[in-house]
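Beneath this line is the structure, given in structure tokens, with notes to follow.
A short reminder: the numbers here are calculations on the coordinates, not readings from a lab. Predicted model only: the values in this text are computed from it and were never measured. No Cβ is skipped: glycine too gets one built from the backbone with ideal geometry, and neighbour counts run over all protein chains shown.
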Amino acid sequence: MSPAGMIELTIDGRKVTVPPETTVFDAARMNGIPIPTLCHQQNETPVGVCRVCVVDVGGRVLAASCVRPAENGMVVSTNSDKVLQARNTLVELLMSDHPSPCARQQNTGDCELETLAKHAGITKPRYPKRTTGRGKDESSPSIAVEFDACILCDRCIRGCSEIRHNYVLGRMGKGGLAGIAFDNNLPMGGSSCVSCGECMVSCPTGALTNKVVTGTHFAEGSDAQPVTVEELEALPVFKGVSGTFLSLNKGAVVHRRYKKGDVICREGEYGSSAFYILDGKVRVSISSPMAHVKTQGGARGFLTKLTSALARRQDDQRDEETDQRFIHIDAPVDLAYENPVAELGPGDLFGEMTCMSLYPRSATVRAETDCTMLEMMRNVLDILQRNKNFRGLLDQSYRKRALDTHLRGVPEFAALTDDFINTLRDKVELIRCAPGTVICRQGDVADSFYLVRIGFVKVSQRHPGGEMVMAYLSRGDYFGEIGLLQGDVRTATCTALDHVELVRISGEDFTRMVDQFPEIRRRLEEVENKRLQENRARLALAQDVPLESFLAQGLMEAQSLLLLDLERCTRCDACVRACAAAHDGITRLVRDGLRFDRYLVATSCRQCRDPLCMVGCPVGSIRRRNSLEVIIEDWCVGCGLCANNCPYGNINLHPFEVMVDDLERPGRKKPMVKQKACGCDLCTNQKEPSCVYACPHDAAHRVDPSKFFAGLLKTTPAIAQRR
Amino acid sequence: MRIDRTQRTWFIVSLAILIVATVVYVPYARSSPHGPSGASALGLTFGIVGFAFMIFAGLLAPRKRVPIWRVGSAQAWMRGHLWLGLLSLPLILFHGGFRFGGPLTTALMVLLIIVVGSGVFGAILHHYMPTVMTVETPLETIFEQLDRRRSQLLAEADNFVEVATAMEGPVASAAARAASATEDTGVAVEVDMTPLRSFYAREMRPFLQHPSERGRSLADPAKARTMFDGVRTLLPAELHETVKDLEEICEEERQLTKQSRLHHVMHDWLLLHIPLSLALLLLGAAHAVMALRY
């Protein structure tokens, strides 16, 4: 006799009593009878999608125990032959499509599906695998998504919605194409996911796993004190961050204490962490001399030796020399050109770009007072940046302190008044984009103006024959003005190259701004006209010459090429020696490179139209003039990233001995070798580049590739055919 | 430097100088009772002009050592070197009246002929060889880096073979299993790498280490193709890509060897031309001093 209101049923021959509305699965569990399952978790609503928990309740078909309510007098069998056969078949079917061992099985050996399969003695499924994989999503720095390992159990979806109330995850597609998706099928890193980690904790397989990257843990030492999860949770900046996630990433954030005068990081050094100041003050500065490399001499007398020297922009005005007054660095402040020093205090975060995109440090940071800070790695910073509380604090700090200098740092906006900036302060939207995110698409209606705050944006246009990269924009650059000024659609597609943060000004505010400040409108229209002219010139070029021919060797990217006619060149290297002689023994030319028919495109700066060298410069010191020629600004910190990025090896680092502030002995100076990036300057103070002048065989020529190759292809059809 | 239409101006000027010199020389030689002499006013003039041309030609070397001095482009100096150097021979012959004279002047004449001859030979080489090198060695590298590139090729080849032979054994990798039809039967797959290992140790590695040694079969493209085809037949299809990579390494090695040879052909004549030119200038200067003084 069952107690009043209770239900009595028999499971595997045992009589059990459970409260009404209890499922068969729970009834069995409460009485110590295990039923395997994949899609069900105690803290989530049962959905019965995996059917692994099937039991025989005497019905026509087997029932999923997680959703089947227990009934009075019900006789349940959880391990009859029929049940085991059905369950094993299901597991075998799932295993046939499972990348065994999956990431979870490899790392922790507890993939629930593979454990079930092992218990069932399924080693090799009899069913064929699906022919095409479902892919991976590596866009999140903290969670790896492997769609092939997903068994569509929906545990992650329920975790995201029912437990965390984030509603980011959902189902997408039907039948064999069904899968989980973030937002409206966005990459995880670009979605509204807050990296709480619930999906990862819920996932029974290796479909969602914590990214374990080499070096995600700091080595503990005297200066790096471990921080417990409890300590982190007690800090206001970590409010709302998932404790589960913090414990999974334990060791990726440490406490560091610095004494007054200690150097926290140096400009140009490579790093992988960001710093959050808890207390104390730090001094941010650039110690590299504010100057660019200038080749001098040679012009006055024919025997005068050429030398390379450092020159400030006031002393050596180059064509289209910038009048930019602020240097954008990887911190919530900009440094003044004349005195590149600033101070940061509690609540400030610096080193975001270094941490997220592994760019070199943009400035030297020294403790101004004794200070304490948290040093964190990419996975932790990503969690923080997705945390609404932390983002709010950072955004508030940016609006309050950096928006003015950021806007005014753009020469076209120099005329903005304080009043107007104050009205913009709360209206601008600060947005983040994961690598690869399309910010706006060519042909879309123009509705916003964007200012790049952090990261790099690629601007490209579609046209017959392929995509053409128009520009790379970095901090301080802007885009979206052409469509707005013309009241039309976007003329190009803008894509985030890395972790990008943007200041978005709505179309209405932009219109108000250009109406109120005619000078800004005039300057923006000038820029717009220049950009449109450049675009038209490129399109004309693409129509004249078969694009594939040039793209194949990257020659079309060049604005000016050093070509060696291999049928004249005796490989005497006079050109290389001349280049070295012209630049203090450091050649900017190597007689090697791509071949186009009988021409060797020697390794010398090509003034590319797709200047990859500009991507990642931590201080934005490499840009190009309207002629597309690359120019390196005075505030280059000599990190060498541009030299590494240049696919043609055309940028060199020129060492100079300079006197810099001695950080160990404040107020004193010491000699130090500092490097400055420089490219081929075409020996601009000479009538002819040294390499061409020194070639005795008439083999070296500087050419405009568009004219040269177009002419060559037209006059020599055989070449065009061969290409 | 190619001898082509771009040389037209220098050719015409040189020809004009030669014609003028000949026009002056022939009546002079005919009217001289004792035949033309270097000591005569006209003979001396021929000698001075010829020697001046030789000095100008010889200045090309110091000009090359100061490539950034703006004293005329190296190309202009090279054209001058070629044509004025060539002109110096008939002018000096006119100077000596086609007679060699005493031991010093004989030595000078022999030297001049050798220097001009080697120069002409060099010019011909510089006209043709760059094209030959461009066509025959598309994978050429910087000459000074040949040894380094060779070491890289050897390391690459070692790596390819190491990776491939790691698949050997009764329990092969998934890739090797996939290459076998026995997968579904559960029979272990035996992949035998002996042919590859033995070919590499016996033929390919020694060739990559000493590519110029005589008797290496892989130095001959046709023989190499046959050998690689043979190796391919002994290995599963999946390893054919590796064999192709190794074949490409051998091809590059052959091209580097050829590049080295062609480079020497193109430049080694200078080992004769330059020292003899220097000797010619020194002896010529000595001859001038002695002739003018005594």
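Calculate the mean, over all residues of peptide A:690-701, of how many other protein chain Cβ atoms lie within 10 angstrom of the residue's Cβ.
Average neighbour count from other chains, rounded to a whole number: 6.
For B:Gln255 and B:Ala76, what does the FRET efficiency come to when R0 = 25 Å and r is the distance between their Cβ atoms, rounded to the nearest 0.05?
Once the sixth-power term is evaluated, E becomes 0.15.
Which value, in nm² and rounded to one decimal, describes the direction-averaged projected area of the C-alpha convex hull of region A:1-103?
The Cα convex hull of region A:1-103, projected and averaged over all directions, gives 7.5 nm².
In which sequence would A:Cys683, A:Cys355 go, from the one with the fewest C-beta neighbours within 10 Å to the one with the most?
Ranking A:Cys683, A:Cys355 by Cβ neighbours within 10 Å, fewest first, gives A:Cys683, A:Cys355.
Alpha carbon centre of region A:630-649 versus region A:320-364: separation in Å?
Spelled out, the Cα-based centre of one part sits 17 Å from the other.
Going by average Cβ neighbours within 10 Å, how do the peptides A:378-388, A:650-660, A:167-177 rank, with the highest at the top?
Highest mean packing first, the order is A:378-388, A:650-660, A:167-177.
Per 10 Å bin from zero, what fraction in whole % of the C-alpha pairs of region A:385-428 is there, up to the bin with the longest pair?
27, 49, 20, 4
Apply the membrane-span-like helix rule to chain B: whole DSSP H runs, Cα extent along the own long axis of at least 24 Å, mean Kyte-Doolittle hydropathy at least 1.0. List the helices found.
B:8-31, B:41-58, B:103-136, B:270-293
Within 10 Å of each Cβ in peptide A:573-583, how many partner chain Cβ atoms are there on average? Round it to a whole number, please.
3
Please give the average number of partner chain Cβ atoms lying within 10 Å of the Cβ of each residue in B:73-82, rounded to a whole number.
Partner-chain Cβ atoms within 10 Å, mean over residues of B:73-82: 4.
For the ranges B:101-113, B:56-68, what's the packing order if you count other beta-carbon atoms within 10 Å of each residue, average per peptide, and put the highest first?
B:56-68, B:101-113
How much net charge surrounds A:Pro69 when only the other residues with a Cβ under 13 Å from the Cβ of A:Pro69 are counted, with Lys and Arg +1 and Asp and Glu -1?
Counting the neighbours of A:Pro69, the net charge comes to -2.
By the gyration tensor of its Cα atoms, with a ≥ b ≥ c the square roots of the eigenvalues, what is the shape of chain B: rounded for a/c under 1.5, prolate for a/b over b/c, or oblate?
Because a/c hits 1.5 or more and a/b exceeds b/c, chain B counts as prolate.
Dividing the alpha-carbon radius of gyration of region A:350-404 by 2.2 N^0.38 Å (N being the number of residues), what value is obtained?
It is 1.26.
Rule-of-thumb check for region B:1-75: C-alpha Rg over 2.2 N^0.38 Å?
1.47
Report the one residue of A:Pro34, A:Gly487, A:Cys102 whose Cα lies farthest in the direction of the positive end of the charge dipole of chain A (charges on C-beta: Lys and Arg +1, Asp and Glu -1; origin at the Cα centre).
Towards the positive end, the residue furthest out is A:Cys102.
Whats the longest run of chain B with zero GluC sites (Glu not before Pro) that are DSSP loop and have at most 13 other Cβ atoms within 10 Å?
Here the longest segment lacking exposed loop sites spans B:1-189.
In this model, which of A:Lys294/A:Lys674; A:Lys281/A:Lys400; A:Lys174/A:Lys211 are farther than 22 Å apart at the alpha-carbon?
Those over the limit are A:Lys174/A:Lys211.
Among A:343-350, A:521-528, what's the highest-first ranking by average C-beta atoms within 10 angstrom per residue?
A:343-350, A:521-528
Pick out, in residue order, every one of the chymotrypsin sites (Phe, Trp or Tyr not before Pro) in region A:266-299 that is DSSP loop and has at most 15 other C-beta atoms within 10 Å; say none if there are none.
In loop regions of region A:266-299 (DSSP not H, G, I, E or B), the sparsely surrounded chymotrypsin sites (Phe, Trp or Tyr not before Pro) are A:Tyr270.
Take the alpha carbon gyration tensor of region A:463-514, find the square roots of its eigenvalues, order them as a ≥ b ≥ c, and report rounded if a/c is under 1.5; if not, report prolate when a/b exceeds b/c, else oblate.
Oblate shape, in that a/c is at least 1.5 and b/c is the bigger or equal ratio.
In debye, nearest 20, what is the charge dipole magnitude of the protein assembly as shown about its Cα centre with +1 on Lys and Arg Cβ and -1 on Asp and Glu Cβ, if you could check?
Dipole of the protein assembly as shown, to the nearest 20 debye: 3240 debye.
In straight Cα distance, which aspartates and glutamates are under 17 Å from B:Lys244, not counting same-chain residues fewer than 8 positions off?
Hits, sequence-local ones excluded: B:Glu156, B:Asp158, B:Glu162, B:Glu203, B:Asp220, B:Asp229, B:Glu252, B:Glu253.
Given the Cα-Cα distance of A:Ala309 and A:Arg536 and 0.36 nm per residue of separation, how much length would full extension add, in nm?
Computed gain between A:Ala309 and A:Arg536 is 77.9 nm.
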